[in-house]
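Just below is one structure, and these are the notes that go with it.
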Amino acid sequence: MSVTMDKPPVADGAPRPYTLRQPRLPRWTPPALALGAAAVAVGIGIGAGLGSRIQWGLIAGLLFVVGMYALAARVEGRRQAKDRLATSLVWVCFLLAVVPLISLVWETVARGSKVLDGGFLSHSMSGVLTIQPGGGVYHAIIGTLEQVGIATAISAPIGLLTAIYLVEYGRGRLAKAVTFFVDVMTGIPSIVAGLFILSFWIIMLDFGYSGFAGSMALSILMMPVVVRSTEEMLKLVPNELREASLALGVPKWRTILKVVLPTAIGGIATGVMLAVARIAGETAPIVLLVFGSQVINNNPFDGAQSSLPYYIYEQWAAGNEASYDRAWAAALVLIAFVMILNLVARGIARWKAPKTGR
Amino acid sequence: MDITPATSAAPPPLSGAPAPAEQAKSATRPGDRIFLGFSRGSGILLLVIMAAIAAFLAVRAVNALSHNEGNFFTTFEWSANSTPPVFGIAVLAFGTVVSSLIAMLIAVPVAIGVALFVSHYAPRKLATPLSYVIDLLAAVPSIVYGLWGALFLVPHLGGLYSWLNDYLGWTGIFAYHDGAARSLFTIGILLAIMILPIVTSVSREVFLQTPRMNEEAALALGATRWEVIRMSVLPFGRSGVISASMLGLGRALGETMAVATVLSPSFLINTSLLDPGGGTFAQNIASSFKESGEIGKDALIASGLVLFVLTLLVNGAARMIIARRKEYTA
């Protein structure tokens with residue numbers, strides 16, 4: 001290190017006035033170089049007739065990283081050049097990550113808003129051929145709301161009680177096993193949950209396809225998420241509150257119900273809503289268990305239903321312009337639903353955050 | 001202690017006789033017992049569900065395997081509905097592992113970069129909303145990624161692929177013959193985009209926990225920002241990044257709908273990753289479920305069991321690493 005630090009003053013110490021500062025590139029260099037790299041990349045892209053914009057972007061990124069390193073190595077020395085290299089790589093990574101995500105949201109909004117209107121939200125696909133324009137997502141929205149609602153009704157109490165067990169009672173081997181398997185359960189692929197309900201409910205118990213079967217698979221996916229987030233929230237409740245209540249002679253269960261839960265209720269609600277947002281977009285169990293339908297079926301316990309994510313899949317599979325339009329519009333509805341749930345949940349979390357005394 | 005011998009001495013003798021009675025009394029409150037029973041019951045129910053998943057899948061899988069005329073692990077065919085049924089998971093295992101590995105190769109470096117960007121490079125004002133947006137993106141449903149992948153990404157990758165073919169086609173891996181780019185490599189790219197948010201957010205948390213003192217000590221010795229990161233942040237966060245990547249890998253292995261919409265499946269192992277073909281466990285289940293008869297469904301369940309075990313191992317390993325790290329830092 002010291003060798004490279006000494007180099008610049010020795011190499012060209014004479015012509016410059018003596019300072020301790022190493023020569024630095026001016027602050028506007030990185031943005032200017034970025035612009036330059038982008039311009040050159042567009043030039044190369046058009047000149048060489050590269051069709052895909054993805055290539056343009058990759059060339060620009062490469063030019064920027066290499067150019068920054070070369071410039072810094074010339075002016076500032078090798079250590080600074082490495083630092084510049086890392087900085088520019090980090091920026092390029094960030095852009096690489098952001099560009100597809102912006103593109104995803106942009107495409108969905110731009111293509112989805114084409115057919116999205118009141119009629120789309122209030123009509124089903126009943127009697128509409130897939131190649132015809134028209135039709136809507138009403139039946140799918142009904143299906144999604146019912147399936148997700150039932151799944152929440154199953155998994156929220158179980159998840160809540162499990163979290164209470166882990167935080168308030170859990171000692172020893174059982175609690176450790178539950179903690180570990182809750183973690184592992186978070187990673188179960190949704191299709192495996194679907195297969196389990198398929199082999200248990202439909203093949204063994206011989207029930208037909210229904211929204212309820214889908215709800216059971218969804219609740220398997222939802223439970224661990226609820227447990228995890230509720231657990232975190234209960235741990236945040238200060239111990240003094242519990243001790244104060246117990247010291248007054250209040251039984252433990254009443255302490256939990258009347259003191260611990262109300263303190264953490266904001267965070268718990270947030271966790272449940274985030275879990276709902278996660279399962280609302282699950283398609284795989286619906287494909288296996290609910291089977292999909294073109295018409296409105298209000299009864300989740302009997303017969304095939306549809307759901308928003310399944311509807312998107314179905315319309316994509318139909319493979320023509322009219323159905324693609326409907327798929328994008330349904331995707332926009334689904335994303336809006338999930339995002340609103342997320343935003344509201346985080347809003348509640350901020351609103352009702354437990355006071356931790358810090 | 002010395003001043004009040006009576007009270008401080010009280011607990012030890014009490015623990016002889018009256019204390020158990022006291023404890024027993026509080027434990028026998030019916031409300032407490034019912035509540036404890038319910039909450040412990042829910043915990044046990046979760047374990048039962050996990051066991052039941054394994055058991056039910058195994059029962060159906062055994063039924064399917066007993067009818068199988070081919071070798072379950074080496075047959076390159078999926079004719080589970082013909083008589084006699086012949087099926088094997090070789091192609092599916094290959095496709096699943098290869099596409100997930102491509103996803104990891106792309107996503108992990110980029111995710112580390114983004115996590116560092118949020119934790120150490122971005123201006124403070126930008127960092128908080130950015131981490132917030134990354135969390136939001138983790139919530140985008142996979143079917144929407146699939147739709148975007150099939151209708152936007154695939155048409156845009158053709159140019160890149162023919163370019164790769166021109167320069168790297170001789171390797172065989174990057175050979176590309178014109179056509180829709182609905183290949184394993186495209187799946188890898190799409191999966192990388194999908195697991196990026198989760199890997200990023202876990203890594204970011206770990207990077208932010210780096211002891212401030214270590215970083216400041218390095219800075220005080222004249223280290224550049226990159227040297228600070230290389231010498232104090234990355235070594236501290238290594239196990240966290242490994243477990244984050246394995247969580248991402250678990251997601252990539254089990255991803256269904258995005259793969260089912262983008263891939264054009266076939267039961268061949270293609271040496272070229274850019275040409276369409278291949279399949280994954282989850283994709284095969286979703287795509288061929290509706291045409292399956294009884295044995296066909298059981299065969300799909302058997303392949304699902306393999307996927308279940310695979311993700312269980314990966315996730316279990318990730319959680320072990322996290323748990324060990326927690327003990328170490330605490």
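What ranking do B:228-240, B:117-129 get when scored by the average of other Cβ atoms within 10 Å per residue, highest first?
Working: B:228-240: 18.5, B:117-129: 15.3.
The packing order, highest mean first, is B:228-240, B:117-129.
Which of the three applies to chain B, rounded, prolate or oblate, going by the alpha-carbon gyration tensor with a ≥ b ≥ c and a/c under 1.5 meaning rounded?
Numbers: a/c = 2.98, a/b = 1.36, b/c = 2.20.
Oblate shape, in that a/c is at least 1.5 and b/c is the bigger or equal ratio.
Placing +1 at every Lys and Arg Cβ and -1 at every Asp and Glu Cβ, with all other atoms neutral, what dipole size does the range A:138-351 have around its Cα centre, in debye to the nearest 20?
About 900 debye.
Work out the length of the dipole vector of the protein assembly as shown about its Cα centre, built from +1 on the beta-carbon of each Lys and Arg and -1 on the beta-carbon of each Asp and Glu, and round it to the nearest 20 debye.
2480
Any idea how far apart B:Phe73 and A:Asn239 come out in nm if each label point goes 7 Å out from Cα toward Cβ?
The answer from the label model is 5.1 nm.
What does the structure give for B:226-232 when I average, per residue, the other chain Cβ atoms found within 10 Å of the residue Cβ?
What the average comes to for B:226-232 is 3.
Would you work out which of B:Ile143, B:Ala244, B:Leu221 lies farthest towards the positive end of the dipole of the range B:78-329? Charges go on Cβ: Lys and Arg +1, Asp and Glu -1.
Towards the positive end, the residue furthest out is B:Leu221.
Over the whole of A:168-174, what's the average partner chain Cβ count within 10 Å per residue? Rounded to a whole number, please.
Counting other chains' Cβ atoms within 10 Å and averaging over A:168-174 gives 2.
In whole angstrom, note down how far apart the Cα centers of the range A:95-160 and the range B:110-133 are.
Cα centroid of the range A:95-160 versus Cα centroid of the range B:110-133: 30 Å apart.
Report the extension gain between A:Val109 and A:Ala70 in nm, rounded to one decimal, defined as 0.36 nm multiplied by the number of residues separating them, less their alpha carbon distance.
Separation in residues times 0.36 nm, less the Cα-Cα distance, equals 9.9 nm.
Can you classify the protein assembly as shown as rounded, prolate or oblate using the Cα gyration tensor, where a ≥ b ≥ c are the square roots of its eigenvalues, rounded means a/c under 1.5, and otherwise it's prolate if a/b beats b/c and oblate if not?
Because a/c hits 1.5 or more and a/b fails to exceed b/c, the protein assembly as shown counts as oblate.
Pick out which of B:Ala58, B:Ala318, B:Ala217 has the largest mean-square fluctuation in a Gaussian network model of chain B, springs linking Cα atoms closer than 10 Å.
B:Ala217
Under a plain spin-label model, where a point goes 7 Å from the Cα along Cα-to-Cβ, how far apart in nm are B:Thr171 and A:Phe301?
5.8
With Cβ to Cβ distances under 15 Å as the rule, what net charge do the other residues near B:Ile229 carry (K, R +1; D, E -1)?
Once positives and negatives cancel, what remains is +4.
With charges set only on the Cβ (+1 for Lys and Arg, -1 for Asp and Glu), what does the dipole of chain A come to about its Cα centre, in debye to the nearest 20?
Roughly 1820 debye, rounded to the nearest 20.
With θ set to phi - 60° and the Karplus curve 6.51 cos²θ - 1.76 cosθ + 1.60, what are the ³J(HN,Hα) couplings of the range A:254-267 in order, to the nearest whole Hz, using x for Gly and Pro?
After applying 6.51 cos²θ - 1.76 cosθ + 1.60, I find 6, 4, 5, 5, 9, 10, 5, 4, x, 5, 9, 4, x, x Hz.
Need one word for chain A: rounded, prolate or oblate. Basis is the Cα gyration tensor (sqrt eigenvalues a ≥ b ≥ c); a/c below 1.5 gives rounded, then a/b vs b/c decides. Working shown, then result.
Numbers: a/c = 2.91, a/b = 1.38, b/c = 2.11.
Here chain A falls in the oblate category.
Please go through the residue pairs A:Lys176/A:Lys252; A:Lys176/B:Lys297; A:Lys176/A:Lys235 and name each one whose alpha carbons sit more than 24 Å apart in this structure.
Violating the 24 Å Cα-Cα cut-off are A:Lys176/B:Lys297.
Rank A:Leu341, A:Gly267, A:Gly211 by how far each Cα sits towards the positive end of the charge dipole of the range A:138-351 (+1 on Lys, Arg Cβ; -1 on Asp, Glu Cβ) and give me just the farthest.
My answer, from the dipole projection, is A:Gly267.
Output ³J(HN,Hα) for the range B:190-198: one whole-Hz value per residue in order, computed from phi by the Karplus curve 6.51 cos²θ - 1.76 cosθ + 1.60 with θ = phi - 60°, and x for Gly and Pro.
Computed from phi, the couplings for the range B:190-198 are 4, 4, 4, 4, 6, 8, 3, x, 5 Hz.
Using a 10 Å cut-off around each Cβ of peptide A:322-335, what is the average number of partner chain Cβ atoms that fall inside?
Partner Cβ neighbours, averaged per residue: 2.
Expressed as an acute angle from 0 to 90° and rounded to the nearest 10, what is the orientation of the C-alpha long axis of helix A:172-186 relative to the principal long axis of chain A?
The two axes meet at around 70 degrees.
Which distance in nm do the two modelled labels at B:Thr83 and A:Leu343 give, with both placed 7 Å along the Cα-to-Cβ direction?
Each label point lies 7 Å from its Cα, and together they span 5.9 nm.
What's the extension gain from A:Thr130 to A:Met204 if we count 0.36 nm per residue and subtract their Cα-Cα distance?
Values: separation 74, 0.36 × 74 = 26.64 nm, distance 3.47 nm.
So the extension gain works out to 23.2 nm.
Within a 10 angstrom radius of the beta carbon, how do A:Trp201, B:Trp148 rank from fewest other beta carbons to most?
Ascending number of Cβ neighbours within 10 Å: A:Trp201, B:Trp148.
Calculate how steeply helix B:18-27 sits against the longest principal axis of the alpha-carbon atoms of chain B, using the helix alpha-carbon long axis, and give the answer as 0 to 90 degrees to the nearest 10.
Here the helix axis deviates by roughly 40 degrees.
Along the range A:76-86, what does the Karplus equation 6.51 cos²θ - 1.76 cosθ + 1.60 (θ = phi - 60°) give for ³J(HN,Hα), rounded to whole Hz, x for Gly and Pro?
So the J values, rounded to whole Hz, are 9, x, 6, 5, 5, 5, 4, 4, 4, 4, 4.
Read-outs: derived from the displayed coordinates by stated rules, not from any lab. What you are looking at is a predicted structure, and each value in this text was computed from that prediction instead of being measured. Glycine gets a Cβ as well: all are built from the backbone with ideal geometry, and neighbour counts include every protein chain shown.
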